[in-house]
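Just below is one structure, and these are the notes that go with it.
The values are calculated or read from the model by the stated rules, or taken from the named source; none is laboratory data. The shown structure was predicted, so the numbers you read here are calculated from the model rather than taken from an experiment. Every residue, glycine among them, receives a Cβ derived from its backbone with ideal geometry; neighbour counts consider all protein chains shown. The accessibility values were calculated without ligands, DNA or RNA, using every heavy atom of the protein model including side chains. Shrake-Rupley method; radii C 1.70, N 1.55, O 1.52, S 1.80 Å.
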Protein chains: 2
Amino acid sequence: MMFWNQEIETLERGKLEQLQLQRLNKTLLQAANAPFYKDKLTDSAGRPVQLKSLEELAGLPFTEKKDLRAGFPYGHLATPRRDVVRVHVSSGTTGVPTAVYHTQSDLDNWTDLVARCLYMAGMRADDIFQNMIGYGLFTGGLGLHYGAERLGAMVIPSGVGNTSRQLSLIRQFAVSAVHVIPSYALKLLDSLREMKLDPRDLGLRLLIVGAEPYTEEARQRIEHSYGAFACNSYGLSEVNGPGVAFECPHKNGMHLWEDNYILEVINPETLEPVADGQQGELVLTTLCRQAMPLIRYRTRDLCTVLPGPCACGRTHRRISRIAGRTDDMFIIKGVNVYPMQVEATLMGFKEVGNDYVIVLTNDGPVDYMTVRVEIAERYRTMDSETMAKLSQRLGRALRDELLVSTRVELLPPESIPAVVGKAVRVDDRRKH
Amino acid sequence: MMFWNQEIETLERGKLEQLQLQRLNKTLLQAANAPFYKDKLTDSAGRPVQLKSLEELAGLPFTEKKDLRAGFPYGHLATPRRDVVRVHVSSGTTGVPTAVYHTQSDLDNWTDLVARCLYMAGMRADDIFQNMIGYGLFTGGLGLHYGAERLGAMVIPSGVGNTSRQLSLIRQFAVSAVHVIPSYALKLLDSLREMKLDPRDLGLRLLIVGAEPYTEEARQRIEHSYGAFACNSYGLSEVNGPGVAFECPHKNGMHLWEDNYILEVINPETLEPVADGQQGELVLTTLCRQAMPLIRYRTRDLCTVLPGPCACGRTHRRISRIAGRTDDMFIIKGVNVYPMQVEATLMGFKEVGNDYVIVLTNDGPVDYMTVRVEIAERYRTMDSETMAKLSQRLGRALRDELLVSTRVELLPPESIPAVVGKAVRVDDRRKH
Ligand SMILES: [Zn+2]
Ligand SMILES: [Zn+2]
């Protein structure tokens, strides 16, 4: 068996789009129960908005993160509160949190989607799976946990932190698959080296890598170091969490489950659709959610729809890995820069280690960008002349990629402290 | 509806015991699949051990924590590994961890038991429930989480830590029920006072209080401060986690679910059964577990079986709150002392605050016990003469209870730092 749900995963495009339209109209009716959508999804005669074709979706308004904030706590809830069995609340770094609601049916559906992803990535009931990611309000932990249990794998809910314990568990239980954020997968390599362990001896077969964007270069490092498939996972809590799009073993982009989501890619400035193959902001409409349907939700994630069919036989379209988040973008000397561009350049150099941070400073109106990056362990003893040359080469490569001049500071291996949770890539110290 | 499962909860004792015997014999067959039990549950002729009466259980050997350690990782697993969907691993403070396995059926059953407990405590589908307890390998978080979702409550998986966020969530969502460890429920009172909030204004109706032993005096403080039912919850990860025994609103002990467990109370020295009403060590035999049945597991928890029926109509017997753990007991000047005895004495004084620690020191062969205890906020300005007298009164009360002389040090309110997770009650600094 190659598929978790062969019928849905390989559904002929015409039928898939028919299913989408039918579920979209059901979703529009359901969404209209939420205060936020009530007026937006009712026409001037008081009738619910229903669409005759998928193309008509482009006529409906977008939903944005700021709408979720403004509607907190119950503005987007489309079911009675007593039907809700789970709430995930964003950490609200900006002060105002957002809430995402789930009925039991929503959880069942989300769980099934995650199981479908894990099965596609190659996980089976006889896998031993360590979920090395935060539980609780963060959707990454509970989302993968439920999906892996549904699949029937043996789940070790190890959560975040305590690296030596994580490694002990992997070895004691002969773990075959882990879920990990990319920066932690790289940081673990340092710990393994200190313990004089070869990462390949862990025997991992599969790393599910998600929760923060990372580059193809970082993936190749992870795969090469662990000798395992590092599978790219995509999701966001507003439309569930993990399980939105996932790689198949052909590793040519992530299948986005179009029976559950309608995908659009737009130019974030003009809000017009971009052509397949062109980068833009991913916009998602949920098709199966009861408690909190979202119509044309702007994810702020930048990606490309990849053209052509996939050799695996799944008909759901593929998106590229996330090239950055519009939120993460910073402007320096008038140029838009994404941390992922910096990472891709750095990780292309074998002399570069596993962690970096971008520091932005200013002297009056003049901004400066400094990339502080660890050198790789096996280059620890590099002489100062070679280091100076490497700095120059990195600086030139970054300037060519970003079109901004950049200072590069080389640091000894493991000098950037490990963080619990997502890595902090940009340290903006500018005062204007 | 008063019951989650009326038939089972009110099953006539004769039928309940019939069900127990039938499930026990099934469990003995299942347990014999585990390497640890294989020989123990097979007679000399190679036939599986089967019992004719519940009384015969007393003839089978005990299972102890040290057996679980010795059998790590798979010595107690009674199903094929591929049928396991969850593993909880103890933190292994002693160096050797223990593992507890669950099949999907085990999880369903555990989840249903927790839902039964919560329903009994008064939780319903329209409750908003904040699970302020650790997720991941610790069973308290996921156990209550699954049960509350099954019940249909709206679950906010807030996890541990970040007190100001916990309080924000309670207020933003008008939370009606929380799950919390007793020491944290008391610590929260300090934070609320600092924020000039009356704990009663939170509007909590129910606090599920578990994961560490606490006294009736502490419970009354919690109930009085929050103006809510503080429901005593008991469980241990070896036989699932939470959901083993729980209070009904009559608050006269915890109903232990005898359709899932056979309970015995023994003298931990002689290993002989004690009479109902006498304190001893709780011993549990699981009746519904597939992956890891345990026969006569010594919990190390001290309690009493309470005589007589409960007015709620449930036929499952009640145990007293846990008076202490044989593990927590310490010996000073030849006397056995449980931290719970100290807590019960301290919490009986209105001048005493919400936290304490027992410090053990020695001068050569002579041991000393000092109880460091916070005074209550409203006595902050107590004069030194009154303090000296209070110390003396507390010292006398402790000596009367423990039969050991104790020094008492009064500390200002909130001077003992809050810990994430279980409170550390004994600081043994003795060097022998
Ligand atoms: Zn594919
Ligand atoms: Zn009762």
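A few comments on the model shown:
- The set of residues in region B:220-277 being under 21 Å from B:Leu60 (Cβ atoms) and charged (D, E, K, R) consists of B:Glu238, B:Glu258, B:Asp259, B:Glu264, B:Glu269, B:Glu272.
- Residue among A:Phe138, A:Phe129 that alone is open to solvent by 10 Å² or more (accessible area, probe 1.4 Å), facing chain B (nearest Cβ under 10 Å) and on the phi < 0 side of the Ramachandran plot: A:Phe138
- Only one of the numbered conditions (1) in contact with a Phe, Trp or Tyr (Cβ under 7 Å, 6 or more places away or on another chain); (2) buried (at least 23 other Cβ atoms within 10 Å of the Cβ) is not met by B:Thr111, and that is (2).
- Residue in region A:50-61 that is touching a Gly at 6+ places or on another chain (Cβ under 9 Å), more than 12 Å from chain B (Cβ to nearest Cβ), surrounded by 14 or more Cβ atoms within 10 Å (Cβ to Cβ) and not in a helix (DSSP H, G or I) present: yes
- Of the residues making up region B:361-395, those that are within 27 Å of B:Leu188 (Cα to Cα) and either assigned to a strand (DSSP E or B) or open to solvent by 90 Å² or more (accessible area, probe 1.4 Å) (or both) number 9.
- Reported count of residues in region A:87-106, each being surrounded by fewer than 19 Cβ atoms within 10 Å (Cβ to Cβ) and either at pLDDT 95 or above or outside the structural domain of A:Leu68 (by TED's automatic domain parsing) (or both), is 2.
- When A:Arg314, A:Arg289 are checked against the criterion of being assigned to a loop (DSSP other than H, G, I, E, B), within 14 Å of ligand 1 (Cβ to nearest atom) and surrounded by 18 or more Cβ atoms within 10 Å (Cβ to Cβ), a single residue qualifies: A:Arg314.
- Within this structure, B:Asp367 passes the test of being touching a residue at least 60 places away in the same chain (Cβ under 8 Å) and in contact with a strand residue (DSSP E or B) (Cβ under 9 Å, 6 or more places away or on another chain).
- Among the residues making up region B:179-229, those that are buried (at least 22 other Cβ atoms within 10 Å of the Cβ), of a type in the set (Gly, Ala, Ser) and closer than 21 Å to B:Phe349 by Cα are B:Ser183, B:Ala185, B:Ala218.
- Residues of region A:89-107 satisfying the condition of being away from chain B (no Cβ under 11 Å) and assigned to a helix (DSSP H, G or I): A:Ser105, A:Asp106
- Residue within region B:233-240 that is part of a loop (DSSP other than H, G, I, E, B), in contact with a strand residue (DSSP E or B) (Cβ under 7 Å, 6 or more places away or on another chain) and more than 16 Å from ligand 2 (Cβ to nearest atom) present: no
- Any chance A:Asp301 is among the acidic types (Asp, Glu), within 15 Å of the chain's Cα centre (by Cα) and closer than 30 Å to A:Asn240 by Cα: yes
- Residue within region A:164-178 that is within 14 Å of another protein chain (Cβ to nearest Cβ), open to solvent by less than 20 Å² (accessible area, probe 1.4 Å), within 30 Å of A:Arg86 (Cβ to Cβ) and charged (D, E, K, R) present: no
- Those residues of region A:147-158 which are surrounded by 24 or more Cβ atoms within 10 Å (Cβ to Cβ) and over 17 Å from the mean Cα position of the chain (by Cα), in sequence order: A:Ala148, A:Ala153, A:Met154, A:Val155, A:Ile156, A:Pro157, A:Ser158
- Answer residue from region B:396-410, given it is hydrophobic (A, V, I, L, M, F, W, C) and touching a Gly at 6+ places or on another chain (Cβ under 8 Å) and is surrounded by the most Cβ atoms within 10 Å (Cβ to Cβ) among those: B:Val408
- Subset of region A:292-311 (residues that are in contact with a Ser or Thr (Cβ under 8 Å, 6 or more places away or on another chain), open to solvent by 40 Å² or more (accessible area, probe 1.4 Å) and either away from ligand 1 (no atom under 16 Å from the Cβ) or within 23 Å of A:Glu7 (Cβ to Cβ) (or both)): A:Arg300, A:Pro309
- Residue within region A:254-274 that is under 23 Å from A:Leu16 (Cα atoms), more than 16 Å from ligand 1 (Cβ to nearest atom), within 14 Å of chain B (Cβ to nearest Cβ) and crowded, with 18+ Cβ neighbours inside 10 Å present: no
- Check on B:Leu282, more than 16 Å from ligand 2 (Cβ to nearest atom) and touching an Asp or Glu at 6+ places or on another chain (Cβ under 6 Å): yes
- Single residue of A:Arg124, A:Arg86, A:Arg82 found to be part of a helix (DSSP H, G or I) and within 11 Å of chain B (Cβ to nearest Cβ): A:Arg82
- Test for A:Met340: is it in a loop (DSSP other than H, G, I, E, B), open to solvent by less than 30 Å² (accessible area, probe 1.4 Å), of a type in the set (A, V, I, L, M, F, W, C) and away from ligand 1 (no atom under 16 Å from the Cβ): no
- Residues located in region A:266-316, provided they are at positive phi and free of Cβ contacts under 8 Å to residues at least 40 places away in the same chain: A:Gly277, A:Gly308
- Residue match in region B:318-326 (condition: away from ligand 2 (no atom under 16 Å from the Cβ), without any contact (Cβ under 8 Å) to a residue 12 or more places away in the chain and either over 14 Å from B:Gly253 (Cα atoms) or open to solvent by less than 60 Å² (accessible area, probe 1.4 Å) (or both)): no
- Residue within region B:292-308 that is modelled with pLDDT under 95 and within 16 Å of ligand 2 (Cβ to nearest atom) present: yes
- Selected residue (criterion: nearest to the other protein chains (Cβ to nearest Cβ)) from residues of region A:62-72 that are over 20 Å from A:Leu282 (Cα atoms) and either under 24 Å from the mean Cα position of the chain (by Cα) or open to solvent by 40 Å² or more (accessible area, probe 1.4 Å) (or both): A:Phe72
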